[in-house]
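Written below as structure tokens is the structure these notes are about.
The values are calculated or read from the model by the stated rules, or taken from the named source; none is laboratory data. Quick caveat: nothing in here was measured; it's all calculated off a predicted structure. A quick note on method: Cβ atoms are made from the backbone with ideal geometry, for glycine too, and the neighbour counts reach across all protein chains shown. Note: areas computed on protein heavy atoms with side chains; ligands, DNA, RNA excluded. Shrake-Rupley method; radii C 1.70, N 1.55, O 1.52, S 1.80 Å.
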Amino acid sequence: MINSPFIYDLDQSELEKLLTELGEPSYRANQIWQGLYKQYWNTPDEFTTLPKSLREQLDKILRFEPLQPIKYLDSSDGQTRKTLFKLHDNRLIEAVLMNYDPSTHKGQGRRTLCISSQAGCAMGCVFCATGQMGFMRNLTSGEIVAQVMYYARMLDAQGESVTNIVLMGMGEPFHNYGNTMAAIDRLNDSDGYNFGARRFTISTVGLVSKIRKFADEKRQINLAISLHAAEDAERSAIMPINKKYNISKLLEACRYYVDQTSRRITFEWALIAGVNDTEEVARKLAARLKGLMCHVNAIPLNPTEGYQGQATNRQSAARFKETLEQAGIPCTIRMRRGIDIQAGCGQLAGFVDVLE
Ligand code: SF4
């Protein structure tokens, strides 16, 4: 069965083609689509809208559920759940659900899901547990979609739903561009899960050619750039990609993106004590970002075993924000989520050292 096509890898027209080949009317494809993306069914038995014989046939030729949850970690405040999934080839990936309490978040409850686009990652950012583990393989579009469907089903049982999706888990989404966009398109399909494009955020280390391509496609998806340093020497030391695309080239592509889409861009900044959390660095960053429609999202570093850097303290974070804002660059200091469950990307997969 491992070589059978994975049902979430199929788009609606591919599903129709398959059903036609089986001699079934095309409306059967729509029934399956609705079952997958509106009812969140994930085993053939659940597709009670289909004749039993067809369910049995589909079970023989398609894989329905390859994402096997093998470990959960819930944060002590109960607001964050991380799931480690085993793929059909035993690779491990993670997805994290973060609940934002309405009383602490502008009166709006949010459930943000952070998903993976690759098993491992080739980008080698030194502060990141996934980067420390190296690259295994790209996820298929269906494996990206299935992470969302897993949580959608879980939340649906509680009368809730995912409100935002960020591609900020394991992997560099622009290094797996085609499958990432195909997954978003499938989740965005108004006939199925119908998850609005503006509720997705893609986070990239800055693959310049892909930022330009993304800009040309004029999608409504939010874009975030992991920046973390204002000078090339510092950025190259923690993010090897900077040797290929330096900060000037990256920010040129960001300006192109803003020009093409008229959308604000977000810069992610992991505040590392004594490294990039000083007023001097904030001033350099402000000079780099001047005139760009942007926002800086700063978050104290999530410590990992393979990197010596420590998280900033509250006082330095506040000073960093103030310096940026005085220079006209909006900045938010975000809370670290799920520290006690190792919610930084890659930390759970790295934690499980025995693959079955
Ligand atoms: S931070 Fe993102 S791009 Fe960098 S190594 Fe980790 S997963 Fe890859």
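Considering every residue within the range 208-228, establish whether at least one is modelled with pLDDT of 95 or more, open to solvent by 10 Å² or more (accessible area, probe 1.4 Å) and aliphatic (A, V, I, L, M). For the range 208-228, residues modelled with pLDDT of 95 or more, open to solvent by 10 Å² or more (accessible area, probe 1.4 Å) and aliphatic (A, V, I, L, M): present.
The one condition from (1) at pLDDT below 80; (2) buried (at least 22 other Cβ atoms within 10 Å of the Cβ); (3) among the hydrophobic types (A, V, I, L, M, F, W, C) that residue 355 does not meet is (2). The number of residues in the range 26-59 being at pLDDT below 95 and over 29 Å from residue 155 (Cβ atoms) comes to 1.
Taking the conditions (1) within 21 Å of residue 94 (Cβ to Cβ); (2) crowded, with 21+ Cβ neighbours inside 10 Å; (3) modelled with pLDDT of 95 or more in turn, residue 153 satisfies each one other than (2).
For first residues located in the range 170-182 and open to solvent by less than 30 Å² (accessible area, probe 1.4 Å), partners that are assigned to a helix (DSSP H, G or I) and of a type in the set (D, E, K, R) and lie 6+ apart or on another chain with Cβ distances below 6 Å form the pairs 174/210; 177/210. Quick check: anything in the range 99-112 within 16 Å of the ligand (Cβ to nearest atom) and either of a type in the set (Gly, Ala, Ser) or on the phi > 0 side of the Ramachandran plot (or both)? Within the range 99-112 (the criterion being within 16 Å of the ligand (Cβ to nearest atom) and either of a type in the set (Gly, Ala, Ser) or on the phi > 0 side of the Ramachandran plot (or both)), the answer is no, since none of the residues qualifies. If you go through the range 166-196 and keep only what is within 16 Å of the ligand (Cβ to nearest atom) and outside any helix (DSSP H, G or I), you end up with 166, 167, 168, 169, 170, 171, 172. From 271, 250, grab the single residue that is within 16 Å of the ligand (Cβ to nearest atom), open to solvent by less than 60 Å² (accessible area, probe 1.4 Å), within 11 Å of residue 225 (Cα to Cα) and in contact (Cβ under 8 Å) with a residue 12 or more places away in the chain. Selected residue: 250, the only one of 271, 250 that is within 16 Å of the ligand (Cβ to nearest atom), open to solvent by less than 60 Å² (accessible area, probe 1.4 Å), within 11 Å of residue 225 (Cα to Cα) and in contact (Cβ under 8 Å) with a residue 12 or more places away in the chain.
A single member of 122, 129, 146 is within 9 Å of the ligand (Cβ to nearest atom) and at pLDDT 95 or above, and it is 122. One residue alone among 299, 333 is surrounded by fewer than 18 Cβ atoms within 10 Å (Cβ to Cβ) and within 22 Å of the chain's Cα centre (by Cα), and that residue is 333.
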